[in-house]
Amino acid sequence: MNRPVKNDGTFILGAGVTGLVAGFTTHAPIFEAKGHPGGICASSFIRAASAKATYRFETCGGHWIFGSDKKVEKFINKFTDTANYSRRACVYFSKKDLSIPFPIQNNLRFYDKERAQKILEEIKQKHPGLPRTMKEWLKHNFGPTLCEDFFYPFNSLYTAGLYDKIAPQDAYKTPVNISDIVKGMRAGTRPAGYNTEFIYPPSGLNTFIERLAGSCEIHFNREARRIDTGSRTIYFKKGRPVRYKNIISTIPLNNMIAMTGIKINARQDPFSSVLVLNIGARRSGNSPKDHWLYIPDARAGFYRVGFYSNVNNSFISGDVAQSAKRISIYVEKAYGAGGKPSEKEIRRYVSSVS
């Protein structure tokens with residue numbers, strides 16, 4: 001909705017999920033740069049010209065809902081039903097055509113016995129000192145062999161080369177439990193990591209977003225371009241400026257700082273951006289049943305492939321028989337410091353992936 005805006009009060013920037021929840025909670029008006037809500041969780045629909053199926057893709061990859069507490073689930077269920085899922089994920093070595101269940105350290109039985117034993121001994125080894133970077137932390141926890149096989153190449157792609165500069169992180173994603181590792185050398189182990197269970201609305205995350213947005217006052221196509229903190233005024237690409245008392249910003253922090261012109265006497269924290277390529281394709285006999293594949297050696301430079309339609313068949317609609325023959329996926333590649341590839345680079349990347 002677009003309504004006249006009062007010249008004072010609290011305003012929210014961004015109608016992504018965070019902005020929508022803030023708008024629902026505070027009843028403050030929301031300014032959204034685009035013509036629809038949802039931000040990076042918004043969905044788009046593409047009709048396949050050669051098939052009786054419609055693909056639904058989320059703008060920036062699959063946003064399954066991990067680790068939510070009961071209060072969060074109850075809030076989501078005010079707007080849409082959700083279903084529970086148990087993770088199916090593998091590490092896939094494309095050059096060897098080898099899949100190892102995730103997390104790899106708990107499934108060493110897929111290695112030959114000698115190499116698995118070597119990895120186990122390296123994991124058990126005690127290291128002096130405190131790791132200062134993510135790369136050092138990985139070596140402390142998993143040893144050189146497993147790092148060279150998987151953790152180094154994967155995290156180099158995942159962080160766009162920042163893993164030897166940023167502080168240790170992701171311990172909850174890749175837990176180290178010696179008893180589980182030993183058991184995993186012989187048989188399957190219990191699920192481990194941050195996303196062993198997750199929820200997702202069977203009708204699509206967009207239903208939650210649209211219904212939540214319907215409870216908020218949103219002013220679409222109002223892209224904030226500059227914020228004068230002296231006069232407490234927001235200036236937009238289109239439309240009149242607005243005076244404010246308070247701003248709740250849900251846009252990227254670096255963009256918000258640039259908008260205000262505030263000078264910070266500190267080096268910017270490192271960060272990465274992700275290019276998501278959505279693909280609708282025919283399902284083959286080799287199509288995996290996993291929700292995710294973690295890939296450390298893809299020639300095209302992506303690090304993860306997610307399978308929308310393996311989570312929920314609502315991602316492909318239309319003729320039932322035709323839809324069953326289809327698969328929808330997303331492919332993720334990271335770029336450092338917000339770097340954005342050119343259109344030519346994207347076309348080359350799309351060609352190399354497909």
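The values are calculated or read from the model by the stated rules, or taken from the named source; none is laboratory data. Source: prediction; values computed, not measured. So basically every Cβ, Gly included, is an ideal-geometry build from the backbone, and we count neighbours across all protein chains shown. Just the protein is used for accessible areas: all its heavy atoms, side chains included, with ligands, DNA and RNA removed. Shrake-Rupley method; radii C 1.70, N 1.55, O 1.52, S 1.80 Å.
Descriptive notes on the structure:
- Site pair Ser273 and Lys96 shows an inter-label distance of 3.5 nm when each label is modelled 7 Å from Cα along Cα→Cβ.
- Dipole axis of the range 82-188 (+1 Lys, Arg; -1 Asp, Glu on Cβ), positive-most option in Asn106, Leu120, Thr145: Asn106
- Taken about its Cα centre, the range 213-300 carries a charge dipole of roughly 400 debye when the Cβ of each Lys and Arg holds +1 and the Cβ of each Asp and Glu holds -1.
- For the chain, the Kirkwood estimate of the hydrodynamic radius, built from every pair of different alpha carbons, is 22.9 Å.
- If both residues of a DSSP beta bridge must be in the chain, then about 80% of such bridges are antiparallel.
- Total charge dipole magnitude, the range 92-193, about the Cα centre, Cβ charges on Lys, Arg, Asp, Glu only, Debye to nearest 20: 180 debye
- The separation of the range 199-244 from the range 37-104, counted between C-alpha centres, amounts to 25 Å.
- Using alpha carbons only, the radius of gyration of the range 237-332 set against its Kirkwood radius gives Rg/Rh = 1.19.
- Taking the Cα centre of the chain as reference, the dipole from Cβ charges on Lys and Arg (+1) and Asp and Glu (-1) amounts to some 580 debye.
- Apportionment of accessible area to carbon and sulfur, the range 170-246, percent (1.4 Å): 47 percent
- Computed from phi, the 3J(HN,Hα) profile of the range 96-112 under the Karplus parametrisation 6.51, -1.76, 1.60 (θ = phi - 60°) reads 9, 6, 10, 10, 10, x, 8, x, 4, 5, 8, 9, 5, 5, 7, 8, 5 Hz, with x in place of Gly and Pro.
- Heavy-atom accessible area per residue - the chain, 1.4 Å, Å²: 54 Å²
- Of the residues Ala258, Ala33, Ala171, the one that moves most in a GNM of the chain with alpha-carbon contacts below 10 Å is Ala258.
- In a DSSP loop and with at most 10 other Cβ atoms within 10 Å, the trypsin sites (Lys or Arg not before Pro) in the range 205-248 are Lys238, Lys245.
- The residues Ser231, Ser179, sorted by heavy-atom accessible surface at 1.4 Å with ligands and nucleic acids left out, run Ser179, Ser231 from largest to smallest.
- Annotation for Gln125 and Asn221: the two label points, set 7 Å from Cα along the Cα-Cβ direction, are 6.2 nm apart.
- When the chain is treated as a GNM with alpha-carbon contacts under 10 Å, the residue of Lys34, Lys71, Lys118 showing the greatest mean-square fluctuation is Lys71.
- Pairs of Lys residues in the range 214-354 are counted when their Cα atoms are under 23 angstrom apart and they lie 8 or more places apart or on different chains; the count is 7.
- GNM top mover of Asn195, Asn313, Asn255 - the chain, alpha-carbon springs below 10 Å: Asn255
- Each residue of the range 251-256 is assigned a 3J(HN,Hα), and the resulting list reads 8, x, 4, 5, 5, 5 Hz, derived from the Karplus form 6.51 cos²θ - 1.76 cosθ + 1.60 (θ = phi - 60°), x at Gly and Pro.
- Taken along the Cα-to-beta-carbon direction at a fixed 7 Å, the label points for Asp297 and Thr133 span 2.4 nm.
- Cα pair distances in the range 49-141, grouped into 10 Å bins until the bin that holds the longest one, percent each: 11, 23, 27, 24, 13, 2, 0
- Integer Hz, Karplus 6.51/-1.76/1.60 couplings in order for the range 227-234, x for Gly and Pro: 10, 8, 6, x, 8, 6, 10, 9
- With Rh defined as the Kirkwood radius, the inverse of the mean 1/r over Cα pairs, the Rg/Rh of the range 91-192 is 0.95.
- Of Lys139/Lys173; Lys113/Lys183; Lys96/Lys139; Lys135/Lys165; Lys124/Lys165; Lys135/Lys173, those spanning more than 18 Å from alpha-carbon to alpha-carbon: Lys96/Lys139; Lys124/Lys165
- Exposure rank, largest accessible area first [Tyr152, Tyr235; 1.4 Å]: Tyr235, Tyr152
- For Val182 and Val21, the difference between the fully extended length at 0.36 nm per residue and the C-alpha to C-alpha distance is 53.6 nm.
- The length gained by stretching the chain between Ile257 and Glu148 to full extension, at 0.36 nm per residue less their Cα-Cα distance, is 35.4 nm.
- When nucleic acids and ligands are ignored and a 1.4 Å probe is applied, Ile279 ends up with an accessible area of around 40 Å².
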